[in-house]
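What follows is a short report on a single structure.
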Amino acid sequence: MSTSDTQQSADLNAQIVSNIANLARLSLDESQSADYAQSLNKILAMMESLKGINTDGIEPLKSPFDNPQPLREDVVSEENHRVEYQAVAPATQDGLYLVPRVIE
């Protein structure tokens, strides 16, 4: 099978997109289905072209940056406002919020 035959068989049309949308419980009108079919066909064509790239001997990329991300120093930058926040709570105990039991 040639590349053009493969591309022809992989083409999505509005009807196929509508059927998929129905299975996914999505509501699409005919114009949306046609637009999505066209967009999906472009994506599939791009993926098909990526298959032709020879990646033998190439290590997977761990990060696009040569250097690791610098870590910031772990210092306290905010004051503790727990007492103020809990002052408006209906019930607290030992710094925790008390809530009604919902599971018996």
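The values are calculated or read from the model by the stated rules, or taken from the named source; none is laboratory data. As the structure is a prediction and not an experimental result, all values here were calculated from the model. Here the Cβ is made from the backbone with ideal geometry for all residues, glycine too, and neighbour counts use every protein chain on show.
Would you confirm, using the coordinates I've provided, whether LEU61 is hydrophobic (A, V, I, L, M, F, W, C) and surrounded by 11 or more Cβ atoms within 10 Å (Cβ to Cβ)?
no
Residue-wise test of (1) loosely packed, with under 10 Cβ neighbours inside 10 Å; (2) on the phi < 0 side of the Ramachandran plot; (3) part of a helix (DSSP H, G or I).
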site	(1), (2), (3)
LEU26	no, yes, no
SER31	yes, yes, yes
ALA37	no, yes, yes
ILE43	no, yes, yes
MET46	yes, yes, yes
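Residue check: is LEU61 modelled with pLDDT under 85, aliphatic (A, V, I, L, M) and under 23 Å from the mean Cα position of the chain (by Cα)?
yes
Just to check your reading of the model, which residue among ASN41, ASN67 is at pLDDT 90 or above and among the polar types (S, T, N, Q)?
The match here is ASN41.
Could you please give the count of residues in segment 31-55 that are farther than 14 Å from LEU12 by Cα and either of a type in the set (Val, Ile, Thr) or touching a Pro at 6+ places or on another chain (Cβ under 9 Å) (or both)?
Total satisfying the criteria: 2.
Is it true that VAL76 is part of a loop (DSSP other than H, G, I, E, B), among the aliphatic types (A, V, I, L, M), modelled with pLDDT of 90 or more and over 23 Å from the mean Cα position of the chain (by Cα)?
Against the criterion (part of a loop (DSSP other than H, G, I, E, B), among the aliphatic types (A, V, I, L, M), modelled with pLDDT of 90 or more and over 23 Å from the mean Cα position of the chain (by Cα)), VAL76 qualifies.
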